[in-house]
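Shown next, in structure tokens, is the structure this report addresses.
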Amino acid sequence: MRNLPPPAWLKTFEAAARLGGFTAAADELGLTPAAVSQQIRALEARLGYPLFRRLPRGVELTELGQSYLPAVRRAFDELASATAGLFGVTGGGRPLVV
């Protein structure tokens with residue numbers, strides 16, 4: 001398998017970037033803000049670069065984080081599209097027979 005960060009970390013990064021903060025991402029993902037922060041720190045450590053600037057009142061994406069976000073979104077969009085195309089929106093349909 002490719003040497004990619006865990007998908008959960010990428011999902012957390014995308015949510016925090018889209019929602020503009022760790023608390024909002026935590027609410028959406030059903031995690032604590034501390035868990036979101038821990039996953040973001042782990043992702044940053046894995047990549048070797050900061051993706052967010054920690055500010056007195058929240059966070060903001062670094063330039064590198066802003067550059068990474070579209071690629072992460074595209075990857076999740078492609079997975080969602082492939083899943084919907086093969087299995088239907090709910091995933092409860094019949095399997096594709098070839």
Contact order relative to length for the chain, counting C-alpha pairs under 8 Å separated by 6 or more residues, stands in percent at 20 percent
Karplus-derived 3J(HN,Hα) from phi for segment 31-48 (6.51 cos²θ - 1.76 cosθ + 1.60, θ = phi - 60°), whole Hz, x at Gly and Pro, runs 10, 8, x, 5, 5, 4, 4, 5, 5, 5, 4, 5, 4, 4, 5, 5, 7, x
Residue-ordered couplings for segment 4-17, obtained by feeding phi - 60° into the Karplus form 6.51 cos²θ - 1.76 cosθ + 1.60 and rounding to whole Hz (Gly and Pro as x), are 9, x, x, x, 4, 5, 5, 4, 5, 4, 4, 5, 5, 5
If amide H atoms are modeled at 1.01 Å from N in the peptide plane, then the residues at a separation of 5 or more from Leu61, or on another chain, having amide H under 5 Å from its own are Arg53
Exposed-loop cut sites defined as trypsin sites (Lys or Arg not before Pro) in DSSP loop states with at most 11 other Cβ within 10 angstrom; longest site-free run of the chain spans 3-56
Computed over the chain: longest principal axis from alpha-carbon atoms vs helix 63-87 long axis, angle to nearest 10 degrees, is 20 degrees
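What is the extension gain from Asp27 to Arg41, computed as 0.36 nm multiplied by their sequence separation minus the C-alpha to C-alpha distance, in nm to one decimal? Don't jump to the answer; show the numbers that get you there.
Details: separation 14, 0.36 × 14 = 5.04 nm, distance 1.82 nm.
Taking 0.36 nm per residue and subtracting the Cα distance, the gain is 3.2 nm.
The numbers here are math on the coordinates, done by the rules we state, and not lab data. No experiment lies behind these values; they were computed from the predicted model shown. Cβ sites come from the backbone with ideal geometry, for glycine too, and all protein chains shown count toward neighbours.
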